[in-house]
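> Have a look at this one before I ask anything.
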Amino acid sequence: MALFRRNEGDPSLPKSDRGSGSFDDYRYDLIAKNRRVTIVLAASDPRQDELRAIVESGEAGLETAISPRTIEQERVDAPIEVRLFTGRRVSGVVGVVPRGLESIVDETIRRLDDRGDKPRIPADITGKPGAYRVVLRMGALR
């Protein structure tokens, strides 16, 4: 039996754009259980032009450009907007962390920063034109 149910995401978004991920993929200290653990960002549909530009540029080695949430953002439960660092520039917003999974991403960013690493999560863009999705490779940071 799973301790936490699968994240259903933000009901205000279309079902195909709510993102995905599960707390069941993480240990108690919010570290991914294995290298295959991923989170698919939500709210990517309105940002297809930005994603298309990144894909067409042919950039490899994409990483997130996220800063840890401030106390004020925590207080109002603000979504975590994600931008991608492509090596030469930082993109516009390409999606948001799915509802309920913010603590995992925030803790990962803080953990990387505390150990002196760049606070960036490896990412991939998947899908077909008009339906690109950003996948955060959380397991790569174990």
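The values are calculated or read from the model by the stated rules, or taken from the named source; none is laboratory data. No experiment lies behind these values; they were computed from the predicted model shown. Note: ideal-geometry Cβ built from the backbone for every residue, glycine included; neighbour counts use all protein chains shown. These accessible areas exclude ligands, DNA and RNA; they are computed on the full protein's heavy atoms, side chains included. Shrake-Rupley method; radii C 1.70, N 1.55, O 1.52, S 1.80 Å.
> Expressed as cubic angstrom per residue, what is the convex hull volume of the alpha carbon set of the chain?
122
> Express the carbon and sulfur contribution to the solvent-accessible surface of segment 1-131 as a percent, rounded to the nearest whole number, probe 1.4 angstrom.
C and S atoms contribute 50 percent here.
> Rounded to the nearest 20 Debye, what is the dipole magnitude of segment 23-108 about its Cα centre when Lys and Arg each give +1 and Asp and Glu each give -1 at the C-beta?
About 260 debye.
> On to the next question. Quote to one decimal, in nm, the extra length available between ALA140 and ASP24 on full extension: 0.36 nm per residue of separation minus the C-alpha distance between them.
40.1 nm
> Can you list residues from other chains, or at least 5 along the same chain, whose modelled amide H is less than 5 Å from the amide H of ALA123?
For ALA123, the qualifying residues are LEU62, GLU63, THR64, ARG137.
> Return an integer: the convex hull volume of the alpha-carbon atoms of segment 6-85, in Å³ per residue.
With only Cα atoms used, segment 6-85 gives 139 Å³ per residue.
> Tell me which of PRO98, PHE85, GLY139 sits at the most positive position along the dipole axis of the chain, charges placed on C-beta atoms (Lys, Arg +1; Asp, Glu -1).
Highest projection toward the positive end goes to GLY139.
> Tell me, what is the Rg over Rh of segment 80-142, with Rh the Kirkwood radius over Cα pairs?
Rounded to two decimals, Rg/Rh equals 0.96.
> When only Cα pairs under 8 Å and 6 or more residues apart are kept, what is the percent relative contact order across the chain?
31
> Okay, moving on. State, to one decimal in nm, how far the label point of ARG36 lies from the label point of GLN48, with both points 7 Å from Cα in the Cβ direction.
My value for the distance between the label points is 3.0 nm.
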